[in-house]
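Contents: one structure, followed by commentary.
Bear in mind that the values in this text are calculations on the coordinates, not laboratory data. Note that the structure is a prediction, hence the values are computed from the model and not measured. Every residue, glycine as well, gets a Cβ built from its backbone with ideal geometry; the counts of neighbours run over all protein chains shown.
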Amino acid sequence: MISPLGVDCSVGLSVLEADDSVIHVAYDGKEVLAVTPPWIEARRQGQTLDTDADNEERRRFHDRILEALEDAVMAAKQRRNPW
């Protein structure tokens, strides 16, 4: 995120070539979550989700990423302004 004063924070999503099933989520260069998407886990276990179940799993997965980032933002804010 960029403000008139410069870069306020950075958010990154990456997948490493060594294990491309895990998504790494970083806030300000620090990993806050490493997780395998549920549809990949299901496929590995030979499960097939119907469309509604798949959509719900994806929504929960995206929510999990957002919650991890929100927690990281709040922790950083608390460190800057502990009162």
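When the stretch 8-39 is filtered for residues that are over 17 Å from Leu69 (Cα atoms) and either surrounded by 14 or more Cβ atoms within 10 Å (Cβ to Cβ) or touching a residue at least 40 places away in the same chain (Cβ under 8 Å) (or both), the ones remaining, listed by number, are Pro38, Trp39. Of all residues in the stretch 53-68, those being under 21 Å from Ala26 (Cβ atoms) and touching a Leu at 6+ places or on another chain (Cβ under 8 Å) number 3. Of Asp71, Asp50, all but one fail to be over 17 Å from Ser21 (Cβ atoms), free of Cβ contacts under 8 Å to residues at least 40 places away in the same chain and exposed (fewer than 11 other Cβ atoms within 10 Å of the Cβ); the exception is Asp50.
Among residues belonging to the stretch 4-28 that are assigned to a loop (DSSP other than H, G, I, E, B) and acidic (Asp, Glu), point out the one that is nearest to the chain's Cα centre (by Cα). Out of the qualifying residues, it is Asp28. Of the residues making up the stretch 42-55, those that are of a type in the set (Asp, Glu) and farther than 20 Å from Leu66 by Cα are Asp50, Asp52.
Using the structure shown, decide if Glu31 is among the charged types (D, E, K, R) and in a strand (DSSP E or B). The answer is yes for Glu31. Taking Val25 as the residue in question, decide whether it is touching a Phe, Trp or Tyr at 6+ places or on another chain (Cβ under 9 Å) and within 30 Å of Arg80 (Cα to Cα). Criteria not met by Val25.
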